[in-house]
Amino acid sequence: MIRAVLILGVGATLLYLWDGAERGHGSRGGTALGLTFGGGALAIMLFCAALSLKRRVPHWRIGRAQAWLRGHVWFGLLSVLLVGLHSAFLAGGALTFTLWLLLLTVTISGLLGVLLQQFIPRLLLHAVPGETLAQQLDRQLTNLRKLAEQIVTEATGTVEPTGVGHTTTMVRELAAAAYAPPAAGEVNPPAPTPVAPEALRRFHHDYLVPFFRGTSAAPLLSRRRSDSLFAALRTMTSPEQHPFIDELATLCERRRQLLRQRRLMRILFAWLIVHVPLSWGLLALSILHAVSALRYGGDA
Amino acid sequence: MGKSMPLATFSEGQLMTPGELRQIDIFSDVDEKALLKYPGAVRKRKFAAGDVICREGEGGTSAFYIVSGSARVFIGRRLDAGRQRRRKGLIARVGEMFGQRRLDRVSHAPGKLVPIDATVDLKYGDLAATLTPGDVFGEMSCLNLAPRSATVVAESQCEMIEVLRNVYEVLQRSKTFKALMDQKYRERALDNHLRNVPVFESLDPVALAELKTACELISVEAGAVIFNEGDPPDAMYIIRVGQVRVSKHFPGGERQLAYLTRGDHFGETGLLRNAPRNATCTAVDHPIAEAGGRKRRPARVELVRLSSETFERVIRGYPDVIRRLEEAAEKRVLSQVRAALTILPSVPSKHVEDLGLLQGQNLMLIDLEKCTRCDQCAKACSEAHDDGISRLIREGPRYDRFLVPSSCRMCMDPVCMIGCPVGSIRRTEDLNIFIEDWCVGCGVCAKQCPYNSIQLHPLEAFGEEATTEAKRVAETGEVVEVTERAVVCDQCSSLPTGPACVYACPHDAAVRVNARQFLHGAGLAGDDRSAL
């Protein structure tokens, strides 16, 4: 397919140059060759648009989806060249200028999509081992929150802290342990006296709730901070509670992964927000341009 | 996964003393001491017209013997009639004009026998029959804990004897009971079973009667080998009760080719070609019973045996039958050759074994480095089937950079086929697993599948309605209708393009492979890589 596109592209360029040399002032859209280039570009645009229709009937025996996508990309690129040859690479009037703008935006967004599709899947593979279906993301995030509450309730009897306020000494200690790097030679911070189960309840209230509610500045969003906070929490709780804390740490890691997945998937599909509507706009305006040019003999 | 199957309680009805039991014909020659050993294991039940005696799909532990009255046995759904297919849109209609079509889930020829756990079988397209005095139903539930295969509703005032396994086993040792059951079977089911063997379809009534008279009714213990690969052929068999595993040795190991159920036949290829047996056939127990934990006597598999002499004598005058047998044998041999091709010697890693990858003869893998998570594969699967249900769930374990989604792998040992109470799951000649539309949604196959590749969906998803009969009972509030049906990936075997999921993947990420060949070729089969 690439070879066919290259041959067509080189052939069209040579024809354009030959025609320009013959005429002395370069080829124009209104000439037979210019119209051929324009018609070719429009045909390719129609073919490219057909990809979205093909997706609606994936089982139809009209060629493999992979061949359609390759054709979409390579012939789509060829259409840019054909449009250039058709218009002699000039912006022209308002409509042709808009068409150029749309064509370039659609092409660049498409190429960006191709690029993103090359490396985001790899990122997802390695950065999100616990990847789930995109449709399941929200439900899974909600389930994680409920699970965290359940674990805290199981470990402490209730999720509500019994002390007043949440800027107590214990919480400040926790926060300090999480943010401050350990002193040179110090392996572990000095262990405060265990105050469980209140420590776990407060941890839930101050750290887990904002994290699971999606607060953007939640400290647990950072894996490093999360590890430090959980390490500090372990020092403040009795060993019987450590399995619960380990489970909570796992849930937090799972949530971070799912959030990472959501972020990456948004990036992966973001280009479509530009590419798809502008493609339809481009097609509609191209048809308008062709009709008006053929009917009235000029730019609309 | 399949729904739970609570076992019905055995507490209703009137307890019977050994003396009372001896008054009933089937107990007439049963040793009274044997009955005294199990007090409370037999009850007399009375049902009024319209009473539901058992419901398809639910668990059961007892068998029923009809003393008086009659009962209607049925699979409570309309199958091919009246199905509301998914509405076709404009694009689909235009496509059909150009030969583009969806997969039709119903591929079975009407007229096929639907095996149930009773002395009668049902006909596809009718799915109802009447049980009369002397009939027994629920034998497989009683002996093998198989789910109830059909709903039974009293048609008139009925008196029945409900029996638990221990007493039923005592009964099976009684000559009177065995003679009665054999007689019933010959009267009510054998004819259908013989006609169900495609090659006997065209036999005239005289020849069929000769076959019926000459065949023996035998039983073997679950686990026993009926014949071994390489044995000389001496008979062909039809399954009366239970299941039979067909396996074969290949250079790479033993392969389970199929699990056969009531009404299925085997062993005719050897007879026809006068060649040694080309596979081993073993009687198997029901998986639920095997998993039961408590030590119990293995169940018995009952067979109809047609000796080679009878077989030859009867079919000699029917060249058409011989031709059909030849064709069937040829297909079977080709299927075995295909199965042999899928085996390559390799030393699988622990992780590969844990994931069961090497079971997959047509394993679906998604290369996660190429997959853009566009879900076109699942959409294509849904679009390709006329019920609109996707057989593919793009979730599952990972191996190296591959995702192994929940989709049928065409396992070398299709354990999902063991224990279907209505024989609706079968393996086609091209090794696909196929679930017929008389599935009762009991979920045994889904539970048996180790890879979650069989899903249960509500019947509404298929656009189905219950039969009038089932509805009538439902209005009394006593029938719980079959609400689900199992679906499994059929590999889009009737689509010329192959599996729609692979055809629709725009990034060449989805592939269907023979796991052994693929992993071996990719150098992954022997590695002990852990999941990413």
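The listed residues B:D117, B:D234 rank as B:D234, B:D117 when sorted by accessible area, largest first, using a 1.4 Å probe. Of the residues B:T176, B:A207, B:A224, the one whose Cα sits farthest toward the positive end of the charge dipole of the range B:168-244, with +1 on the Cβ of Lys and Arg and -1 on the Cβ of Asp and Glu, is B:T176.
Counting only other chain Cβ atoms within 10 Å of each residue's Cβ, the peptide B:502-511 averages 5. Cβ-Cβ distance of B:K248 and B:T483, R₀ of 30 Å, FRET efficiency by 1/(1 + (r/R0)^6): the value works out to about 0.20. Distance distribution note for the range A:43-130: the fraction of Cα pairs above 18 angstrom is 57%. Provide, for q = 0.26, 0.27, 0.30 Å⁻¹, the log10 of I(q)/I(0) from a solvent-free Debye sum over equal Cα point scatterers in the range A:1-58. For the requested q values the scattering log ratios are -1.05, -1.08, -1.15. Quick one: buried accessible area between B and A, total over both chains, 1.4 angstrom probe, nearest 100 Å²? Interface area, both chains combined: 3000 Å², rounded to the nearest 100. Legend: calculated FRET efficiency, B:E330 to B:D126, from the Cβ-Cβ distance at R0 = 35 Å, rounded to 0.05, equals 0.60.
If you count, for every residue in A:117-124, the Cβ atoms of partner chains within 10 Å of its Cβ, what is the mean? Mind showing how you got there, number by number?
Working: counts 7, 3, 1, 2, 10, 4, 1, 5.
The per-residue average across the peptide is 4.
Mean silhouette area of the range A:217-273, derived from the convex hull of its C-alpha atoms and averaged over all directions, reads 4.5 nm².
Legend: mean number of C-beta atoms from other chains within 10 angstrom of residue C-beta atoms, peptide A:199-205, equals 0. Charge tally around B:G69: other residues with Cβ under 12 Å, Lys/Arg +1 each, Asp/Glu -1 each, net -1.
The values are calculated or read from the model by the stated rules, or taken from the named source; none is laboratory data. This one's a predicted model, so the numbers in the text were calculated from it and none came from an experiment. FYI the Cβ positions are ideal-geometry reconstructions off the backbone, even for glycines, and counts take in every protein chain you see. These accessible areas exclude ligands, DNA and RNA; they are computed on the full protein's heavy atoms, side chains included. Shrake-Rupley method; radii C 1.70, N 1.55, O 1.52, S 1.80 Å.
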